[in-house]
Every structure is written in structure tokens, then in C-alpha cells.
1. Suppose we filter Leu338, Leu297, Leu326, Leu312 for residues that are within 21 Å of the chain's Cα centre (by Cα), in contact (Cβ under 8 Å) with a residue 60 or more places away in the chain and part of a helix (DSSP H, G or I); which single one remains?
2. Test each condition in (1) among the hydrophobic types (A, V, I, L, M, F, W, C); (2) open to solvent by less than 10 Å² (accessible area, probe 1.4 Å); (3) under 30 Å from Lys444 (Cα atoms) for Ala78 and report the one that comes out false.
3. For the subset of segment 138-166 comprising residues that are of a type in the set (A, V, I, L, M) and touching a Phe, Trp or Tyr at 6+ places or on another chain (Cβ under 8 Å), which member is nearest to Ile17 (Cα to Cα)?
4. Considering Leu411, Leu358, which residue is in a helix (DSSP H, G or I), without any contact (Cβ under 8 Å) to a residue 24 or more places away in the chain, open to solvent by 20 Å² or more (accessible area, probe 1.4 Å) and in contact with a helix residue (DSSP H, G or I) (Cβ under 8 Å, 6 or more places away or on another chain)?
5. Could you identify the single residue in Leu198, Leu207, Leu217, Leu240 that is at pLDDT 85 or above and more than 30 Å from Gly160 (Cβ to Cβ)?
6. Within segment 427-443, can one find any residue that is touching a Gly at 6+ places or on another chain (Cβ under 9 Å), exposed (fewer than 14 other Cβ atoms within 10 Å of the Cβ) and either at pLDDT below 70 or among the acidic types (Asp, Glu) (or both)?
7. How many residues does segment 391-406 contain that are of a type in the set (A, V, I, L, M) and open to solvent by 10 Å² or more (accessible area, probe 1.4 Å)?
Amino acid sequence: MKSEQNPSRHHCMKAKINLGYVIFLASTAALGGLLFGFDIAIITGAGPFLTQHFHLSDLSLGWAFSSLLFGCVIGSTAAGRLTDFYGRKRILLWVAALFAATSVATGVAPSFVTFIVARFIGGLAVGGASILSPMYVAEVSPPAMRGRMCTLYQMSITAGILISYCINYLLRGAGSANWRWMFLTGVIPSIIFFAQLLRAPETPRYLYMVGRHREALAILERIAGRESAEFEIAEIRASLGESRRQAWGDLLRPGIRRAVLVGFCLAILVHVSGINTIIDYAPTIFKSAGWKIDAALFSTFIIGLTNFGFTLVSFWAIDRYGRKPLYIVGSLGMAAALVLLTSAVLLGRFQGVTVLLLILTYLAFFASCIGPVFWTLVPEIFPNNIRGTAMTVPVLTQWITNAVVVLFFPLAFNQIGKAVTFGFLAAMALAQAIFTWFFVPETKNATLEEIEEVWRTGSIAPVVTALPHCGPLKSA
């Protein structure tokens, strides 16, 4: 494919984008990411108090942390299928309502079993948000802005994590019921998310897929003008063809299975390289390095601030340098930090500021390069007419991997050993860099339909460079 032969380059450059409207749509959907991050991380500070209240063992503590993640497995699976029948917006409204209900149920849980059930059901909402929010953002964002708009989702996740860390620290001395208030505060962002969704429209690609062509055209026209809207409608029509019903077997078609395999592998690697062990178990790690509980909880605030701050870097870099270079650099940086953590354990220097600085380095590479790119690539690489079903594969996979890693981390860290644990995570981060180099395409500035076409033609080379402006993918 040559850019001179593809009119999308000229259409992208001429489009008059309604920036305020695009930001409103993307930021509304991205609030699902804030609730995602909040629910994932709020248990970080509650963990030590839960252990005391319910007298938890290492494995029970693992269940307390991972029960939400196992719920995410089912939630992402169900949402991925339901969204192709009922739309992105309608399912997101149910997700917001479920967030609010389970925040209350978790906070008032009278027993550990009830707590686990409430967290599991809350995972249904988190899983749903993880597949629907980035999909919504990708489907309403113009190609030249899609990377930055999808980064809003990752920024919202890190904002949710930071907010939960702040709440954890502020409520650390609020008596024996402090952990209950930590979870109850989740009701507030849930209500805000629901209210914002009521003002947002359905995505134009879903509307066109179900035959509401005029509504789809009207939204696209409001986003980027009449000429751009007509061009995108033509591309959507061509990509959808005459097919309206999809089945799981369609994921094995030649034009799709390669994308599914790439998404599947990235979903495993993003978690076995350790991010959620750091996010969830930071106080445990710092206590093992000699920190007291107050200092350990305060350090999580520094982690959250670093995570959020470096995600802002990705907002600037993702559409400038592309997805693939960032993913490789981030993976190598994470691997280096984890190798140094392993060395610190072996040399007897796993203590104090050394551990904090190395963990912050690890997080800086993840937040600026990996997290935003993963949630941008996943909705980008699948065809329009099967995106909801196809996204289920990487999203479901990453939740299963996440749940297993978080469940067994306390056992591995405390019984197998810190050095082996960090060494394994380092090896997985290096594997992520190698896989990205050979198998992940560059998608910067290409329309969703152009990405679909490149997968179908099988023209993706191991190293891919993107055009500096709008245009199709181009192999180096």
C-alpha cells in the first residue's frame, strides 16, 4: 500500500476536527478506566487491615486481591458479546450501575465470604469497562488523534489508582472500620460516570452496523465535518460488507486470526511482567524492605503519582513516535529495573530508598510506554464487524493472567523467594520486548479500516514504520 494511492491521507489532513466534542466523548468513556483503576487499587491499602480483621493467610490474602480479577474474566467475556447486540453505551450504563452497587456491598460485607462474593461481582463491572471503554474511545476518535484519545483511558486508570492510594492513606487511622470506608467511596465516581454516559451518544460504527446509518453519519459529521464523515462511512460500509452476524469461529478467519494471536500474547505478557504485583502489593513489598505501615502506605501515594505523571508522557509520545517503539523501549526499561531489584535481593541491599527508586523506575517505563499502548492497540487491531467479539480474547486473557499472578504472588514472594520472583518478572518483560519487535505492527495514524486491510493482506513486516501524518501502514 502506498500513501500516494490512498485518499485517506488527504482526507485526514483536511478534516476539521471538533476537538471539544471528541475530548468529551473520549473522556466520558475513559471514566470507566478511572473506576477500573480505583477498584483494582483500593484494596492495596485495605489489604493489611483486611488481614487483621479476617485473620487471613497468604493464600486467603491472595483470594481477597484476586477475587475481583476472576469476576473480570466473566465480565469481559459477557460484555464483549453483549456489546455487538446491545451497543457500547447501553452496556456501559449497566457497568456504571454495577460499580456503585458493589462498592456498597463490599464496604458493608459482614464476613470474608460475603466480601469475596461482592468483590467478584464488582469484577463483572471492571471487566466490562475494560473492554467497552477503550472500544468506545477508539470508535469515536479520528485517526490522527486516536492514540492520544485512547491514552485518556490509561490516564483514567492511573488517576483511579492515585485517588484510591490517597483515600487509603487518609483513612489509615480511621478506626477498625477504615477499610469499609475505603470501598464505600467508590460510589461517588460511579454516579458521575453514569450521569456523563447519559449525555453521550452511541458510537457511529455500532450505529452503522445495526442499520442506523443517518445517526452514524450525523455523529461522524459532528466529530470531523461532512467530507470526513462521508469518507469514514464509505470505509465502514466496505469493512462491514454484507456480514451482520458473527460467531466465535470467525476469529480463525485468515484476516483476523493473526490479529487475535498478537492480542492474546500481548495480554499474557503485560501481566506476567509484573505490573499488578507492584500496584496491588506495594505495601507488602515495602514492608519486606523494612518500611513501617504508615511509610509503606505513603509510598503507594508516590507510586500512584509517578504512574499518573508518566502516563501524561505517553499522551505526548504515542502519536508522535508510534506504538511499537514505545512498547519495545518500555519493556526493556522494565526488565532492567527488575534485574536490578533481583540483584538488590541477592546482594542484601533490598531495603529503603533503593527499593522505592527501582520500583518507581519500573513504573515510569510501564506508564509512559506499555499501559497506554496496550489499551490503544487492543481495540485498533480488530475489524469493525467483529470488534466486540474479537476484543474478548485479549481482554479475557489479560484478566485470567492478572488474576493468577495476583493470587499466587504472596506465596511466590514470601515462600519461593524475592530474587526468583523478580527474576521471573524480568525475563517476561524481556520476552515482551522480543515479541513486540517481531510480531506487533505499527498502527499510528492509520484508520481502523486500513489496519484491518493490512492484516487481511498479510503485509506486516517485523519492523514497521508509520507515516508522520495520516495514511496507511507502511512496511520498512
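The values are calculated or read from the model by the stated rules, or taken from the named source; none is laboratory data. None of the values given here were measured: they were computed from a predicted structure. Here the Cβ positions follow ideal geometry from the backbone for every residue, glycine too, while neighbour counts run over all protein chains shown. Calculation scope for accessible area: heavy atoms of the full protein, side chains included, ligands and nucleic acids excluded. Shrake-Rupley method; radii C 1.70, N 1.55, O 1.52, S 1.80 Å.
1. That would be Leu312, the only listed residue that is within 21 Å of the chain's Cα centre (by Cα), in contact (Cβ under 8 Å) with a residue 60 or more places away in the chain and part of a helix (DSSP H, G or I).
2. Only one criterion in (1) among the hydrophobic types (A, V, I, L, M, F, W, C); (2) open to solvent by less than 10 Å² (accessible area, probe 1.4 Å); (3) under 30 Å from Lys444 (Cα atoms) is unmet by Ala78, namely (2).
3. Of everything passing the filter in segment 138-166, Leu152 is nearest to Ile17 (Cα to Cα).
4. Exactly one of Leu411, Leu358 is in a helix (DSSP H, G or I), without any contact (Cβ under 8 Å) to a residue 24 or more places away in the chain, open to solvent by 20 Å² or more (accessible area, probe 1.4 Å) and in contact with a helix residue (DSSP H, G or I) (Cβ under 8 Å, 6 or more places away or on another chain), namely Leu358.
5. Leu217 is the lone residue from the list that is at pLDDT 85 or above and more than 30 Å from Gly160 (Cβ to Cβ).
6. No, there is no match, as no residue in segment 427-443 is touching a Gly at 6+ places or on another chain (Cβ under 9 Å), exposed (fewer than 14 other Cβ atoms within 10 Å of the Cβ) and either at pLDDT below 70 or among the acidic types (Asp, Glu) (or both).
7. Number of matching residues: 5.
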